[in-house]
1. Just for region B:47-70: of the residues that are within 10 Å of DNA strand C (Cβ to nearest atom) and among the β-branched types (Val, Ile, Thr), which one is surrounded by the fewest Cβ atoms within 10 Å (Cβ to Cβ)?
2. Filter region A:30-40 down to residues that are of a type in the set (Gly, Ala, Ser) and within 23 Å of A:Gln10 (Cβ to Cβ) and give me whichever is least open to solvent (accessible area, probe 1.4 Å).
3. I need the full set of residues from region B:171-190 which are polar (S, T, N, Q) and assigned to a helix (DSSP H, G or I), in order please.
4. Pull out all pairs, ordered by first then second residue, where Cβ-Cβ is under 9 Å, the residues are six or more apart or on different chains, the first lies in region B:19-40 and is over 13 Å from B:Lys69 (Cβ atoms) and within 14 Å of chain A (Cβ to nearest Cβ), and the second is of a type in the set (S, T, N, Q) and more than 13 Å from DNA strand D (Cβ to nearest atom).
5. Mind counting the residues in region B:228-253 that are open to solvent by 30 Å² or more (accessible area, probe 1.4 Å) and modelled with pLDDT of 85 or more?
6. Which of the residues belonging to region B:130-146 are surrounded by 23 or more Cβ atoms within 10 Å (Cβ to Cβ) and more than 22 Å from the chain's Cα centre (by Cα)?
7. Select from region A:153-186 the residues that are at pLDDT 95 or above and closer than 23 Å to B:Gly247 by Cα and list them in ascending order.
8. When the residues of region A:191-207 are narrowed to those that are assigned to a helix (DSSP H, G or I) and not charged (D, E, K, R), which ends up nearest to A:Asp166 (Cα to Cα)?
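The values are calculated or read from the model by the stated rules, or taken from the named source; none is laboratory data. No experiment lies behind these values; they were computed from the predicted model shown. Backbone-built Cβ (ideal geometry, glycine too); neighbour counts: all protein chains shown. Accessible surface areas use protein heavy atoms only, side chains included; no ligands, DNA or RNA. Shrake-Rupley method; radii C 1.70, N 1.55, O 1.52, S 1.80 Å.
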Number of protein chains: 2
Amino acid sequence: MEKGIALRIQEKYGQLRKSERLVADYLRDHASVRLEMSITEFANTLNISEATISRFTRALGYKGFADMKLALASESTPSQQFVNLPAEIKDTDTLTDISFKLLGSLGSAMNETQKHIDYEDIQSVVTSVLASRQIVFMGVGGAVSVCEEAVHLFLKAGIQATSHRDGYTQQVVAATATEQSTVFGISHTGTTEDVASALNVARRNGARTVAVTSNLDSAVAKAADTAIWTWTPNTPQIPLYGDFLEGRVCQIYIIYLIYLGVLFQSNGKVPEALGVTADTLKSYYQKR
Amino acid sequence: MEKGIALRIQEKYGQLRKSERLVADYLRDHASVRLEMSITEFANTLNISEATISRFTRALGYKGFADMKLALASESTPSQQFVNLPAEIKDTDTLTDISFKLLGSLGSAMNETQKHIDYEDIQSVVTSVLASRQIVFMGVGGAVSVCEEAVHLFLKAGIQATSHRDGYTQQVVAATATEQSTVFGISHTGTTEDVASALNVARRNGARTVAVTSNLDSAVAKAADTAIWTWTPNTPQIPLYGDFLEGRVCQIYIIYLIYLGVLFQSNGKVPEALGVTADTLKSYYQKR
DNA sequence: CCGAATTGGAGAAAAATTTCATAATATGCA
DNA sequence: TGCATATTATGAAATTTTTCTCCAATTCGG
């Protein structure tokens, strides 16, 4: 499959010239809208020359402007679904309306999260996980289910993972953490004192600590060696509809990414474990 | 949504001139291939003049040849780019690649799920939940975290919900279910015997039973009054990378949709409960 | 053979690309 | 640091390619 423009930009951004980055930025911000402009109009819009745009398209590996426009057009549909987001859900909405808006919200939240990923951070977390003897996930309230999901994934892959949902146990586990541990604290708002405190303790004990939060300025983020950011709407930090539904899927997205990273960097150890697990489960279910 | 070219051709075919029909026929026969040719090349290919092609595009309602090419490009791959995923993640991929593919995969899985929603089913489930005294979620393995998430949401909203992750407890709970209960069974493959069996028992006891699964032909689906479908890739039902990552987010999506439906149809009761919960949590965190 | 409809050719217009001169920036050296 | 020089980035203009428009030639039905 042909590479999408977002990926191309991400890969090449460092090598782009200043004026070319203008093009890249514009395209990233308007990824969902079909580009109807001619190269001349486009150049005027961005106040740069047509030559720059032409060079840019080549730099990204397209055959030219027309080629890029075409490629863009064929991408546009999939991403369009995510665009219409600050879609507030109203109580007059039908279930159909809600399903569309919810899809848009969740999709674009993940999208934004992806856009802001710091891959060095992710990589270092993956490395930590691979080097650790035990992996611990900590979260309270809504984050619990994400921790559970993470544990389930890693366990299946043969990596010792546990999840702890109450402040007391979190303290206990943190207190016994070592350099051999990687401890994740998951908190959307980042204000969960229990988790922040546990991370601090674990860190003092030499464990590698990782936060997954939408607020990098929060207690939980500051308590961690590495803080991974998840998207949050600009609108209030109040659980408007009972919870940060989008926040949850962003956390899951990050966890999956780390999981897949671990999977692929384990030199076959993990896929092997997966195979063993799958076989075992199969015979377990067949016996009954 | 913009009209597709196939439809336009169908509508206008009678009014097209002979040479224009050549264009139409060609386009119909090559619908899936992205048209890369310039109008000149295209004219040579068909042995007709450029003017004819230009007129043709207008006849179909496009602004011109370029416009048609663009429109064609966005039709060609409705969302294929993203559909076929984790199966397609290769171990040579960088974290950046993986993050894009994962996003695409999760996004289009939700998208497909949304497309296939039967709103009458969802509505009837929402009604059941509102009418029930207790809500039960059952799942094993990877579905556990989804059940936990569901319980957390509903509890916050003042709705009595519980989650059960082992076959034994599931049987016990199913055995004591009544007409006042709504019982959810969550299973991606739908083959989880424990859950299917529990649903059957609960149903026999008069409870309303709901399945969330990607296989409507499965034991779990058949054991339920209402089966809600989640998307699954066409590729094998084997946990290639340890689990059905996309399946999980689809399940969550469905749960969220039901939750929001309940929220908005509760005549203010639920939002009120949410407010109380939020206040309580706030003072809980402030006290410490 | 006439006249309306259809078609293509030729050139105009628009769009995209390439070239090249200039501006901006970095580098080396005293 | 200041200055000269090399390197790189950029846009204006020229060139090429693509598309559109107009109109004359052709076809076809009567």
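1. Among those residues, the one meeting the criterion is B:Thr52.
2. Initial filter on region A:30-40 (of a type in the set (Gly, Ala, Ser)): A:31-32, A:38.
Imposing the further condition that a residue be within 23 Å of A:Gln10 (Cβ to Cβ) reduces the set to A:31-32.
Numbers: A:Ala31: 51, A:Ser32: 22 Å².
The qualifying residue least open to solvent (accessible area, probe 1.4 Å) is A:Ser32.
3. Going through region B:171-190, the residues polar (S, T, N, Q) turn out to be B:171, B:176, B:178, B:180-182, B:187, B:189.
Listed by number, the list holds a single entry, B:Gln171.
4. These pairs meet every condition: B:Ala31/B:Ser76; B:Ser32/B:Ser76; B:Ser32/B:Thr77.
5. Residues flagged as open to solvent by 30 Å² or more (accessible area, probe 1.4 Å) and modelled with pLDDT of 85 or more within region B:228-253 amount to 1.
6. Just the residues of region B:130-146 that are surrounded by 23 or more Cβ atoms within 10 Å (Cβ to Cβ), to begin with: B:135-139, B:142-143, B:145-146.
Across region B:130-146, the qualifying residues are B:Ile135, B:Val136.
7. Correct list: A:Ala161, A:Thr162, A:Ser163, A:Ile186.
8. In the first step, residues of region A:191-207 are kept if they are assigned to a helix (DSSP H, G or I); the result is A:193-204.
With not charged (D, E, K, R) added as a condition, the list becomes A:195-202.
Working: A:Val195: 9, A:Ala196: 13, A:Ser197: 12, A:Ala198: 11, A:Leu199: 13, A:Asn200: 16, A:Val201: 15, A:Ala202: 15 Å.
So the residue we want is A:Val195.
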